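The values are calculated or read from the model by the stated rules, or taken from the named source; none is laboratory data. Quantities reported herein were computed from a predicted structural model and do not represent experimental measurements. Neighbour counts are summed over all protein chains in view; Cβ atoms, including those assigned to glycine, are modelled from backbone coordinates with ideal geometry. For the accessible areas, the whole protein counts, side chains as well, though only heavy atoms, and no ligand, DNA or RNA atoms are used. Shrake-Rupley method; radii C 1.70, N 1.55, O 1.52, S 1.80 Å.
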Amino acid sequence: MKPRTHAIHGGFSGDPETGAGSVPIYYTAAYTYPTAEGLADVFAGRALGDVYSRISNPTTQVLEQRLTALESGVDGPATGCIATSSGMAAITTALTGLLRAGDGILSTPGIFGGTVSLFTNTLSRFGIETTFADPDDATGFAAALRANTKVIFAESISNPGMAVADIPALSRLARERNIPLVVDNTLTPLPLLRAGALGADLVVHSTTKYINGHGTAIGGAIIDTGNYDWKNGAFPDLSQLARRAGQMAFLAHLRKTIYRDLGGCPAPMNSFLILQGLETLDIRMRLHCANAQRLATHLRSHPMVHWVNYPGLSDSAYRKRTDELLAGLGGGVLTFGLDSKEAARRFINALTLAKNMTNLGEAKTLVLHPASTIFQEYTPAEREQMGVPEDMLRVSVGIDDVDDIIEDFEQAMTKAGATSEGLDLKAK
């Protein structure tokens, strides 16, 4: 089945007992077995089965099967995906499954503030260090690799940096060092990008965003694309496991140890809600992109707007890469700047249709001032270094009628300018 069809039908063809056509919500903590030997076989890995919903759940397994197909995950006796309780749980689970004290991460800059905090505030407490370097400076990025670097991490489109990652180039560098490339593909799910086909080894998602699409559930996912050879990789414990589990070694390692021990599993209801969104992802994503393109183009010509950052714009530094890697679709998120932090806040306060919320990827349009919210714990100098200026506004463009979105932005601009107390907002 093609991806759009698999998102609707994959992993479930109806309940054989009741005939139910929708995926049931298996709201149970544990599962009964008729014999002690049967349950022991599952615990020992001699048989497949569910024993406890912290480890696996039938509702979640359907979601995992569909996400495996979405990202062309590794095929085996189990799914090539592990669903998690959030996007941050996905990143944390994947990286703690790979790294030990003394290991390092090389990450692209301009990424989500929560991920920056995970790297610099949390993983650092366990002796894992992170270096940030610009991948568009190929020489400098390669030079940033250290002897202890065990992972390269990138966002397909950085949030809120709006940089489109050159995944093939990052993959080549990772291959040279025999380390995995982990790509957060949250902002560019199909039909935009299949990261594994471009060389990503592990793909992570916050399924809270576009895949759910309606702001009703928190979730995440880890997909092993099968590109990395765990048998001959840089991780001795996984090399040993791969002799028995083959390409499923890393996911088996997570399922049996890291995922089980950290407890970052999704609730069955959340998996069900994310499944509902997944069915319409392809259609919604195309409209998000079309609306974002229209809004970005409109804002670029507005006299109050000082700058617009959107990969789909003709003068974007990432336009060529957008055409080559994203089929010309620039995604559903853009950033722009007004005169100041105060002007940005006045604009937000004047909006009537768009909502001031921290999420993105919902059906409705969402606007946020990153410097005073997601990145508020950092100093102004640190935020500037991260690519988050004080005047930045982040817009997750919804699937509302784009004319209504533009009208709302226009009236908010007028109100923000009318109360600007003499600030010159007429010239770019």
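Summary table below
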item: Overall form of region 233-351 per C-alpha gyration tensor (a/c, 1.5; a/b vs b/c); result: prolate
item: Reference-scaled alpha-carbon Rg (2.2 N^0.38 Å with N residues) for region 1-155; result: 1.34
item: Mean Cα-pair separation over length for the chain, i.e. relative contact order, pairs under 8 Å, 6 or more apart, %; result: 16
item: Segment residue 376-residue 2, length gained on full extension (0.36 nm per residue, minus Cα span); result: 130.4 nm
item: Length added when fully stretched, residue 390-residue 44, from 0.36 nm per residue minus Cα-Cα; result: 119.1 nm
item: For region 256-263, 3J(HN,Hα) per residue [Karplus equation, 6.51 cos²θ - 1.76 cosθ + 1.60, θ = phi - 60°, Hz, x = Gly/Pro]; result: 7, 10, 5, 4, 4, 7, 6, x
item: The chain: translational diffusion in µm²/s, Stokes-Einstein, Kirkwood Rh over Cα pairs, 25 °C, 0.890 mPa s; result: 109
item: Of the DSSP H helices in the chain, those whose Cα atoms cover at least 30 Å axially and whose Kyte score averages 0.0 or more; result: none
item: With every protein chain in place, the chain: carbon and sulfur % of accessible area (1.4 Å); result: 54
item: Protein-only accessible surface order, largest first, of 265, 289 at 1.4 Å; result: 265, 289
item: Cα gyration tensor, region 125-282 - rounded (a/c under 1.5), prolate or oblate; result: oblate
item: Extended-chain gain in nm, criterion 0.36 nm per residue less alpha-carbon gap, residue 286 and residue 31; result: 87.7 nm
item: Neighbour cut-off at most 14 other Cβ (10 Å), DSSP loop, GluC sites (Glu not before Pro), region 288-389; result: 377
item: Student exercise, region 120-193 dipole from Lys, Arg, Asp, Glu Cβ charges, in Debye to nearest 20; result: 340
item: Residue 209 - accessible surface, heavy atoms, 1.4 Å probe, Å² rounded to 10; result: 40
item: Intensity falloff of region 204-299 expressed as log10 I(q)/I(0), Debye formula with alpha-carbon point scatterers, at q = 0.19, 0.20, 0.23 Å⁻¹; result: -0.93, -0.97, -1.08
item: Part-to-part distance (alpha-carbon centres) for region 313-358 and region 16-74, which is given in Å; result: 40
item: Share antiparallel - DSSP beta bridges, the chain, percent rounded to 5; result: 55
item: Exposure ranking of 307, 230 by accessible area [1.4 Å probe, largest first]; result: 307, 230
item: Pairwise centroid distance, computed over Cα atoms, of region 235-271 with region 360-385, Å; result: 33
item: Neighbourhood charge, 12 Å Cβ-Cβ cut-off, centred on residue 127 and excluding it, Lys, Arg +1 and Asp, Glu -1; result: 0
item: Mean Cα-pair separation over length for region 239-314, i.e. relative contact order, pairs under 8 Å, 6 or more apart, %; result: 14
item: Cα centre as origin, Lys/Arg/Asp/Glu Cβ charges: the chain dipole, Debye; result: 640
item: Dimensions in Å of region 334-423 - Rg and Dmax from alpha carbons; result: 13.1, 38
item: Shape box of region 54-118 [Cα atoms, principal axes, largest first, Å]; result: 34, 24, 23
item: Helix-derived mean residue ellipticity, 222 nm - over the chain, DSSP H n ≥ 4, -39500 (n - 2.57), to 500; result: -10500 deg cm²/dmol
item: Low-density loop cleavage sites - trypsin sites (Lys or Arg not before Pro) in region 1-83, where at most 16 other Cβ are within 10 Å (DSSP); result: 46, 54
item: Mean accessible surface per residue for the chain, computed with a 1.4 Å probe while every protein chain stays in place, in Å²; result: 41
item: Pairwise centroid distance, computed over Cα atoms, of region 178-230 with region 83-125, Å; result: 15
